[in-house]
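Student: One structure coming up, written as C-alpha cells, with questions to follow.
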Amino acid sequence: MTKETKMAAPSAETRAALGEVLCAFEALKDANDRRLDEIEAKSAADPLLDEKLARIDTALTRAQDRLDRLALFDGARWRVASFVRAELSEERTYRLARLISDSDIDFSDLSLPVRAVLLDEAVQKLELPTAERGLDMSFAGLAAGIIPDDALHSLQTNRYDGADLAPRAPCHLKDYRLADGVSISWIRRSRKDWDDWVSSEIPLGEDEELYSLRVEFGNAVIHEWLTSETSATILIEDLDARAGQAVPAFSIEVRQVSPTFGAGSAARLDIIV
C-alpha cells in the first residue's frame, strides 16, 4: 500500500518572498565580488556600485522579513525561526524543512515533536530593562475584549535570560602552525545590523571589543585569558608547562564578551600539535 503524502505549500506571499531573497542574494554576491575586485585593483570602490549594493541589501532585508516565522517549544524552551517548507505528515502535524535563524540557536537538541506557533504582526516584543534579567516574572494572558477576571486568566511564569543581549559566537576560527606554537584568528559577529554587505565593518554592538579565550586539555582548562585582538599566539612550551606534561592536542574556545551579558556563545577548534 502506498501512503499519500500531502504537501502544505507555503503561502503565495512566502514563495514570492523566498524568490526575492534568493534573487537578491545572488545579485548581492555578484555586486560585492565586483566591488572587492575594484578595491583590490584601484584601492577604492565605485560609488555607484556602493549605492547599488545598498539598494540590494535593503531589498534583501525586506524580503527576509516577510518569510514565515515560528516560535518552537520542545517542553524546555522557546526558539524562534523561519522555515522554507512545511510537509503535512498527519493532522495538525508538520515536518519543517530548512529552518533559518538570525541568532546562535542550535536546533540539533530539539526534542521532537515540538509545539509550534506561527508568528505574525499580532505578536509584539515585550521590551524589558536589563535589570529584569535573571528574575522570575509572572504573566497573565487574557483574550482581547474580555473584562479582566482572575478566573479567566492564563498564568505563566517565565524568566528573561537576556539572550538578545548575548554576543554571537565568532566565526571562521582558524589555526596556523608556527615553529614554536600555533597562531589562531577569527572574525567577530554582531547583534546589530549584521546583514550589512556595504560597509567595511558591521557595528560592534558592544561598548568595547573583548574576547575570552580558553584552552582545554583532557577534561581540564589549562589556560584562560582576555584579549581585545581577533588573533592570538599559543606557545606549545607554555602549554606543556601549564599542563605539567607534553600536550599532543588541545581545544580552544573563543567567546566575545559583553559588559552587560558576559561571555557569549563559543567558537571551538580542536588542534593537534
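Student: Considering only the other residues whose Cβ falls under 14 Å of the Cβ of Trp186, what net charge follows from Lys and Arg at +1 and Asp and Glu at -1? Could you put the intermediate results ahead of the total?
Tutor: On the way: positive: Arg168, Lys174, Arg188, Arg189, Arg214, Arg255, Arg268; negative: Asp175, Glu209, Glu229, Glu253.
Local charge sum for Trp186: +3.
Student: Considering only DSSP states other than H, G, I, E and B, which GluC sites (Glu not before Pro) in region 161-210 qualify as loop sites with at most 12 other Cβ atoms within 10 Å? Walk me through the numbers on the way to the answer.
Tutor: Numbers: sites: Glu201, Glu206, Glu208, Glu209; in loops: Glu201, Glu206, Glu208, Glu209.
Answer by residue number: Glu201, Glu208.
Student: By the gyration tensor of its Cα atoms, with a ≥ b ≥ c the square roots of the eigenvalues, what is the shape of region 152-273: rounded for a/c under 1.5, prolate for a/b over b/c, or oblate?
Tutor: Values: a/c = 2.91, a/b = 1.62, b/c = 1.80.
It comes out oblate by the Cα gyration axes.
Student: Lys and Arg at +1, Asp and Glu at -1: add these up for the other residues within a Cβ distance under 12 Å of His223 and post the number. Present the calculation step by step, with values, prior to reporting the outcome.
Tutor: Working: positive: Arg214, Arg242; negative: Glu216, Glu224, Asp238, Asp240, Glu253.
Summing Lys/Arg as +1 and Asp/Glu as -1 gives -3.
Student: Restricting attention to region 109-166, which trypsin sites (Lys or Arg not before Pro) occupy a DSSP loop and are surrounded by at most 14 other Cβ atoms within 10 Å?
Tutor: When the trypsin sites (Lys or Arg not before Pro) of region 109-166 are filtered for loop state and at most 14 Cβ neighbours within 10 Å, Lys125 remain.
Student: Given labels modelled 7 Å from the Cα in the Cβ direction, how far is it in nm from Arg115 to Glu209?
Tutor: So the label points at Arg115 and Glu209 sit 4.4 nm apart.
Student: Give me the number: length gained by fully extending Glu51 to Tyr94, i.e. 0.36 nm times residue separation minus the C-alpha to C-alpha distance, one decimal in nm. Present the calculation step by step, with values, prior to reporting the outcome.
Tutor: Numbers: separation 43, 0.36 × 43 = 15.48 nm, distance 4.17 nm.
This chain segment gains 11.3 nm when fully extended.
Values in this text are rule-based calculations from the coordinates and carry no lab data. Values in this document were obtained by computation on a predicted structure and should not be read as measured data. Neighbour counts run over all protein chains shown; Cβ positions are idealised from the backbone, glycine included.
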